[in-house]
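These notes concern the structure reproduced below.
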Protein chains: 2
Amino acid sequence: MKKYCFGIDIGGTSVKCGLFQTDGKVVDKWEIPTRTEDNGSRILPDVAETIGKKIKEKNLNPEEVAGAGIGVPGPVDGEGNVTMAVNLHWGFVPLAKELSEMTGLTVKAGNDANVAALGEMWMGGAAGSSNVIMVTLGTGIGGGIIVDGKIVTGAHGAGGEIGHSHAVDDMEETCNCGNKGCLEQVASATGIARLARKKLASTDRPSVMRKAPNVSAKTVFDGVKAGDDLAIEVAEEFGEYLGKALAIFASVSDPEVFVIGGGVSKAGQVVLDYIRKYYEKYAFSSCKEAGFALAKLGNDAGIYGAAKLVLE
Amino acid sequence: MKKYCFGIDIGGTSVKCGLFQTDGKVVDKWEIPTRTEDNGSRILPDVAETIGKKIKEKNLNPEEVAGAGIGVPGPVDGEGNVTMAVNLHWGFVPLAKELSEMTGLTVKAGNDANVAALGEMWMGGAAGSSNVIMVTLGTGIGGGIIVDGKIVTGAHGAGGEIGHSHAVDDMEETCNCGNKGCLEQVASATGIARLARKKLASTDRPSVMRKAPNVSAKTVFDGVKAGDDLAIEVAEEFGEYLGKALAIFASVSDPEVFVIGGGVSKAGQVVLDYIRKYYEKYAFSSCKEAGFALAKLGNDAGIYGAAKLVLE
């Protein structure tokens with residue numbers, strides 16, 4: 001009988017680690033530094049060591065440990081191989097195989113954005129649902145698609161790369177990905193700030209946003225809460241771009257709930273309200289009733305989702 | 001050891017039936033009429049009867065029959081219940097349960113468009129792939145999303161309802177679904193004809209399309225093959241709407257191959273060429289290499305896919 005599992009989230013500066021009961025209860029949480037020197041060759045031995053120490057410290061019987069799940073900032077194939085993870089200085093790494101040999105445990109690996117979506121499905125904003133689209137609104141836009149409780153990885157590891165779905169026809173600036181008019185150019189934190197700057201430059205109308213030294217997504221939603229007209233117009237634009245995109249995504253995977261996370265979601269319910277308004281306008285009738293929830297697990301979504309990987 | 005399975009495709013006027021070997025080889029194909037009177041209450045007994053007769057006729061040992069899969073023109077949930085199928089005069093029908101009781105066989109059911117996609121994945125245009133988006137360009141646009149070899153049904157049975165994804169912002173006509181600017185308003189057979197009529201009305205330039213008594217999608221692609229400028233402009237418009245939409249869908253499920261079927265696909269490779277041109281323009285880099293194939297099974301896709309349902 002398996003009682004425990006490890007959830008590991010490898011980031012560019014630190015490795016977040018969690019020991020969980022198989023029912024989702026956290027037994028322990030800790031971090032170790034990510035040592036990216038020597039092409040990141042120390043990262044996996046460090047992870048193996050910290051897992052080994054924790055098993056000893058907690059006096060666990062390895063028979064009771066279901067395994068270790070790992071989230072990685074890069075594409076991961078169905079066998080748990082990482083194709084490339086720039087921030088870890090990794091090229092191709094057969095992660096699941098190597099870490100399994102080092103620890104003697106079952107190891108499963110996934111892309112960090114996808115794994116975070118799984119975490120929110122398991123114990124977060126989408127708990128109880130098995131069909132979920134998770135949208136992380138940060139510097140860029142990350143996505144995770146869950147269908148029947150499983151992450152959609154896709155044929156090229158690009159399942160859920162919704163930040164780069166086309167959203168604007170007349171965009172002149174080029175996205176990091178090389179295309180023009182990507183969703184994250186208008187609906188990420190950076191994208192919202194871009195919309196706001198454009199709006200402010202287009203008019204002389206007064207706005208509380210003009211007082212901010214650097215206009216950010218927070219400036220916009222603070223403005224919305226203060227009843228600022230221009231801020232409200234920017235939020236409407238953001239809501240229409242994102243709500244329309246989510247409606248299109250729903251015609252593919254038809255989720256029960258959308259979970260909105262990342263820095264922008266810290267503004268709270270108001271963010272959901274603007275997205276849902278336009279989602280309902282554009283969605284196919286049967287999909288209109290999909291729910292919208294804020295992400296709940298914050299930076300811990302990765303360790304939850306990684307742990308869940310080995311319980312599937 | 002299971003050697004055989006039945007694939008049944010229930011349409012509004014006839015029920016297509018197939019007896020397959022489990023390796024996909026057709027043993028027999030036949031049709032019976034769909035009797036929609038009395039709220040369609042005779043349909044399932046008719047299906048059970050024809051299956052029973054075929055088992056006798058072919059002298060099959062029921063132990064060797066894996067079961068019967070059924071495709072239905074309407075939403076079907078994960079338990080094989082049909083919510084409603086207007087063309088069959090059905091309200092809620094617990095199809096899988098009832099037909100299983102009548103036949104003594106394992107029965108699985110799915111929506112007909114989704115089941116057709118599964119058929120093309122199994123033995124048709126996408127054979128060998130397990131991540132597929134099937135697009136049926138007929139009077140409307142049907143879709144079927146396959147992820148890891150399984151149909152994406154969705155939380156409300158609307159997985160793959162891509163015909164009603166939003167594609168055009170300035171469309172004034174309302175779609176059958178009640179929204180405006182749905183993909184099928186510009187990229188189905190009807191939609192292509194609409195684009196052509198609009199194009200012809202907008203100019204006095206000559207076109208072979210003007211000779212057609214009723215402009216259809218076939219008129220357009222015949223014109224393209226004859227080098228007609230206006231027809232080519234219409235095909236470009238169609239290609240941009242559909243290619244862009246498929247690129248957005250790819251950011252959700254990242255398919256290995258798109259299969260294009262339905263009446264419009266009878267124009268052949270030229271249809272794929274126009275779609276792919278714009279797909280590659282709009283798709284995220286990792287998704288650009290997805291393949292495009294014509295559907296191969298025609299009206300038999302449904303019985304193939306239905307049979308495959310019980311082999312999963």
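Before moving on, here are some points about what is shown:
- Nearest-ten-degree value, helix A:269-282 long axis tilted from longest Cα axis of chain A: 70 degrees
- Across the range B:1-48, Cα pairs under 8 Å and at least six residues apart give a relative contact order of 28 percent.
- Taking chain A as a Gaussian network of alpha-carbon nodes connected by springs under 10 Å, the highest mean-square fluctuation of the residues A:P213, A:P62, A:P73 belongs to A:P213.
- For chain B: relative contact order, % (alpha-carbon pairs under 8 angstrom, 6 or more apart): 21 percent
- Computed from Cα atoms alone, the Kirkwood hydrodynamic radius reported for the protein assembly as shown is 26.0 Å.
- For A:D46, inter-copy label distances in nm, listed shortest first [label point 7 Å out on the Cα-Cβ vector]: 6.9
- Environment charge at A:L294 (Cβ cut-off 14 Å; Lys +1, Arg +1, Asp -1, Glu -1): +1
- Cβ-to-Cβ counts within 10 Å put B:T203, B:T106 in ascending order as B:T203, B:T106, the fewest first.
- Long-range amide H partners of B:V27 with built H, under 5 Å: B:L19, B:F20, B:Q21
- Karplus-derived 3J(HN,Hα), 6.51/-1.76/1.60, for each residue of the range A:31-44, Hz, glycine and proline x: 9, 10, x, 8, 9, 8, 4, 6, 6, x, 6, 8, 5, 5
- Rounded tilt (10° steps) of A:229-253 against the dominant C-alpha axis of chain A: 50 degrees
- Cα gyration tensor category, rounded, prolate or oblate, for the range A:191-312 with a/c compared to 1.5: oblate
- With the gyration tensor restricted to C-alpha atoms of the range A:12-94, the semi-axes of the equivalent ellipsoid amount to 24, 15, 11 Å, longest first.
- Measuring from each Cβ of chain A to the axis carrying A onto B, the nearest residue and its distance in whole Å come out as A:V252, 2.
- Coupling constants for the range A:112-125 follow from the phi torsions by the Karplus curve (6.51 cos²θ - 1.76 cosθ + 1.60, θ = phi - 60°), and in residue order they are 4, 5, 5, 5, 4, 4, 5, x, 5, 5, 6, 10, x, x Hz; glycine and proline get x.
- Amide H partners (placed H, <5 Å) of B:A155, local residues excluded: A:E256
- Largest GNM mean-square fluctuation among A:E173, A:E233, A:E280, using chain A with Cα springs under 10 Å: A:E173.
- Residue exposure proxy: B:K277, B:K296, B:K244, ordered by other Cβ atoms within 10 angstrom of their Cβ from fewest to most, comes out as B:K277, B:K296, B:K244.
- GNM remark for chain B: springs join alpha carbons under 10 Å apart, and the peak mean-square fluctuation among B:C287, B:C17, B:C177 falls on B:C177.
- Shortest-first distances to equivalent copies, position A:S202, nm, label 7 Å out along Cβ: 2.4
- Measuring how big chain A is from its alpha-carbon positions, Rg and Dmax come out at 20.5, 68 Å.
- For the range A:196-248, taking the reciprocal of the average inverse distance between every pair of different Cα atoms yields a Kirkwood hydrodynamic radius of 11.4 Å.
- Angle between chain B longest axis and helix B:189-201 axis [Cα atoms, degrees, rounded to 10]: 10 degrees
- Expected 222 nm ellipticity per residue - DSSP helices of 4 or more, -39500 (n - 2.57), all of chain B, to 500: -11000 deg cm²/dmol
- Residue order, fewest to most surrounding Cβ atoms within 10 angstrom, among B:K54, A:K218: A:K218, B:K54
- Ranking B:L60, B:A48, B:F258 by how far each Cα lies toward the positive end of the dipole of chain B (charges on Cβ) leaves B:L60 at the top.
- Nearby aspartates and glutamates by direct alpha-carbon distance to A:K56 (threshold 19 angstrom, same-chain neighbours under 8 apart not counted): A:D28, A:E31, A:D46, A:E64, A:E101
- In Hz, Karplus ³J(HN,Hα) per residue of the range B:130-135 (6.51, -1.76, 1.60; θ = phi - 60°; x = Gly, Pro): 10, 10, 9, 10, 9, 10
- Label 7 Å beyond Cα on the Cβ vector: B:N61 copy-to-copy distances, nm: 4.5
Coordinate-derived values only; no laboratory data. Source: prediction; values computed, not measured. Please note: Cβ atoms are built from the backbone with ideal geometry, for glycine as well, and neighbour counts cover all protein chains shown.
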